[in-house]
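Since every read-out is calculated from the coordinates, none of them should be taken as a lab result. Bear in mind the structure is a predicted one, so any value in this text is a computation, not a measurement. Cβ atoms come from the backbone with ideal geometry, glycine included; neighbour counts cover every protein chain shown.
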Amino acid sequence: MKNPIRALTLLSASALCCVTAATAQDTPRVTPMTPDVVDKYEQVLPSADFIRREAMIPMRDGVKLYTTIVMKKGTRDAPILLSRTPYDAYDATHRIPSQRIVDIVDAMDIEFVEDHYIRVTQDIRGLHRSEGEYIMNRPVVGPLNHTGIDESTDAYDTIEWLVKNIPESNGNVGIIGSSYLGFTALAALIKPHPALKAAVPESPMVDGWMGDDWFHNGAFRVSSLDYAVGQSTHKADGSGVFALGGGDDYTRYLEAGSVGDFVKMLGIGHYPGVRKFLENPAYTTFWSLQAVDQWLAAEPLKVPTMIEVGQWDQEDSYGGPAVYRALEPKDKNNDKVSLVIGPWRHSGANHYGYDLGALTFTGDTAREWRVKYVKPFFDHWLKGGPDPHTPPVLTYATGINQWEVSQHWPVGKPTPVYLAANGVATFDKPATAGRYDYVSDPAHPVPFIPRPIDMNDPLQWKPWLVHDQRFVSGRPDVASWQSAPLEKPVHIMGAPAVELFAATSGTDSDWVVKLIDVYPNDVPEPAAQGSKPSMAGYELPIGIEIFRGRHFRSFAQPAPLTPGKVEHYQWTLPNVNHVFLPGHRIMVQVQSTLFPLYDRNPQTYVDNIMYAKPDDYRKATQSIAFGGAQASAVVLPVVP
């Protein structure tokens, strides 16, 4: 009998010789002077469980847009899930170098790719690997855009190509995305491609002046400058970063002066995106004709749409509910348009929803929403799955931590919480009129979070709307009113409305109103995780919003205030579902700065506030009227 080990050794050696010979035939032998650079390494190995393709998809004007296509091996007769992004489609499917599809996609995509959805991500025109010119929030074809090209036409042309050129597709397309991707998802609903069957715009950018990224009720968000420069420098390759070093942005912005002075200091005045802000501080047709909710209000409802927003969305709290208001009247059977409000920060629905700041929720609320509601929604419309009976309105009740289904929004009955004498907030309208005065000094603005402030630090920025407001306690320029401890729960579902009667000794003023849930101080309420602070005495913001006084009569035509004259200011706080529990107190705070998130109002009227001069910034005495005919209040949407 032959030695099996020796036979195996000879066989292995023979095989090795064959491989070596084949390699030698296919590739010339290297020498010390053989160039060492190759064109490309293919990271996706034959052993990978997925297929990844790249395409340059032609638009109707000849511009080609870079697109990645990812699917699990074995995918057949499958729907396409599309996102159109300014944030680099290549990176979106190279999240982690891996041979498993669940590793290379974002958390929000895992359930879809595992179920053999075809995941498609595209760079919008002009950015990253796509051709063409980038225009930030490109207006829809119409009065502001006569090119015949917009994000709607690009979405249409993309879908047309995808359904014809992806053989694994069943011809049905859904679109999803958050923030800017929410904007492009909404744009796809305008004259939509017939293959577009469902859409989930999340935290969408809708109206940059009224209450999304750039302005809030006329007050400018200084961090918008950083975004405009970063996105507009060399196809958003990361080179547009302010070279400011560390330090406290509160001090940096204060020392710079006005927004115009800050722009000059940075040398960014030539950026078109920056100039759009500087030259258009009022709500003229420059902004109003870009409002996506108005575009959609003029269109028939053709695509089932689930709109999502985070209750503490620090960037785009306005857009989602505004789109819901535009689309919901068209939904005659209340089954094609739905609104979702979760306990999340901006884009938090796409990540892990266990907590936010000091708050802890009952499990991963974000994944729960994606698995129980988003996936069945797309399965129904894209795969012919069973009707999931998507709730018309799905909101998470913070305070009691549970999901609730409603047939419409808002739900609550308007119930004022009045400001009264001695810092008391009460549901009983005060019969006696009074005033509370404080001095607002632009040289010492109220910070929006504790200093030092780094506007680019995600650990500061993402949870700021739930930050304990005790850090401003004792400031003489922050006026507070709070109720007695509640004897029964107060459940609100909707957007609390501000009814503020106020006067200033200046000729312009900002007004900031905060609605706060004050936790009992005598009952320790530690968060679930040991690293989190105790909730005893915590002052949890339920809603914070600003209003620029010069717009009290008109957003399009600002006007100076009359010194000493009480004006009636009206605006809304973000939409919420929240329960103030027994033993808690309801607090209302009023102040006139929220810095450096918002630029300082000089409190002297100037035609263009962006270019206020140092002498324009002056102290002002602010008077909050309450009781009688001028009963300042926050009107809560209380569920009976």
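Here the label points at T621 and N422, each 7 Å from Cα along the C-beta direction, are separated by 2.5 nm in the simple model.
Using only DSSP helix segments of four residues or longer, with each worth -39500 (n - 2.57), what per-residue ellipticity at 222 nm results for the chain after dividing by its residue count and rounding to 500? Don't jump to the answer; show the numbers that get you there.
On the way: 16 runs with 129 residues, N = 640.
For the chain, the value works out to -5500 deg cm²/dmol.
Any chance you could give the angle, 0 to 90 degrees and rounded to 10, that helix 4-26 forms with the longest Cα principal axis of the chain? Its long axis makes an angle of about 70 degrees. Could you give the distance between the Cα centres of the range 271-334 and the range 77-142, to the whole Å? The range 271-334 and the range 77-142 have Cα centres separated by 22 Å.
If I stretch the segment between V30 and W161 completely, what's the gain in nm (0.36 nm per residue apart, minus their alpha carbon distance), one decimal? Walk me through the intermediate numbers first.
Values: separation 131, 0.36 × 131 = 47.16 nm, distance 4.37 nm.
Additional length available on full extension: 42.8 nm.
Cross-link list K191/K276; K302/K372; K191/K302; K302/K330; K336/K413: which exceed 18 angstrom alpha carbon to alpha carbon? Those over the limit are K191/K276; K302/K372; K336/K413. Maximal additional length on extending the D61-N145 stretch stands at 28.8 nm, based on 0.36 nm per residue less the C-alpha distance. Anything over 19 Å Cα to Cα? Flag those among K164/K375; K64/K164; K197/K383; K72/K383; K64/K235, in the order listed. Going by Cα-Cα distance, K164/K375 fall outside the 19 Å limit. Figure legend: label point modelled 7 angstrom from the Cα of Q557 along Cα→Cβ; residues of the range 276-304 with amide N under 14 Å from it are 283-285.
What's the local net charge at V337, with K and R +1, D and E -1, over the other residues with C-beta under 9 Å away? Can you show the working numbers first?
Values: positive: K330, K336; negative: E328, D331, D335.
Taking every other residue near V337 into account, the sum is -1.
Annotation: peptides 319-329, 174-184, 91-101, 367-377, ranked by per-residue average of other Cβ atoms within 10 Å with the highest first, follow the order 174-184, 319-329, 367-377, 91-101.
On the basis of the beta-carbon distance and an R0 of 22 Å, Q294 and A497 show a calculated FRET efficiency of 0.55.
Going by average Cβ neighbours within 10 Å, how do the peptides 473-479, 309-315 rank, with the highest at the top?
Working: 473-479: 13.9, 309-315: 26.0.
Most protected by this proxy first, the peptides run 309-315, 473-479.
Pairs of Cα atoms nearer than 8 Å and 6+ residues apart set the relative contact order; for the range 215-287 it is 33 percent.
Within the range 264-284, find all residues whose amide N lies under 14 Å from a label point positioned 7 Å from the Cα of E133 along Cα-to-beta-carbon. So the set is 272-273. Annotation: lysines with alpha-carbon distance below 19 angstrom to K619 (same-chain offsets under eight excluded): K565.
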